[in-house]
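Let me begin by presenting the structure, written as structure tokens, before commenting on it.
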Ligand SMILES: [Zn+2]
């Protein structure tokens, strides 16, 4: 990473948590149609930064999800699942997510979940089996 990119990142970081809407032109690695509903701006900005830091592709397998009785962060547009089957990319994705500011991460056998649901405990990482 060169100095210019680093400064750009710091400036972006500065504004990440204050964004009230998503300006897709600012998002380098994702397009709106990769998400199945209205997503939280904080989530998208952090995800973009995580992807930049990690240096590996992020394939979104689940984002917005609607369902009766579904109280998950997905239901609020505040979570994404990223496809992940192998240990090398898993490390890089986790590194990117944590450095980008995600503090709620689920590590599953075939995906990684990251969310920004502020109604749930921060600084947690849990294990699970992909459905
Ligand atoms: Zn999930």
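Odds and ends about this structure:
- Three-way shape label, the range 25-85, alpha-carbon gyration tensor, a/c 1.5: prolate
- Beta bridges per DSSP, both residues in the chain: antiparallel share near 65 percent.
- Orientation-averaged projected area, Cα convex hull of the chain (nm²): 8.1 nm²
- Pairs of Cα atoms nearer than 8 Å and 6+ residues apart set the relative contact order; for the chain it is 20 percent.
- Extension gain, residue 107 to residue 120, is 3.0 nm, computed as 0.36 nm per intervening residue step minus the present C-alpha separation.
- Helical mean residue ellipticity (222 nm; -39500 (n - 2.57) per DSSP H run of 4+; nearest 500) of the chain: -10000 deg cm²/dmol
- Net length available on complete extension from residue 92 to residue 130 is 11.8 nm, with 0.36 nm assigned per residue and the Cα-Cα distance removed.
No lab work stands behind these numbers, since they all come straight from the coordinates. Just so you know, these numbers come straight off a predicted model, no measurement behind them.
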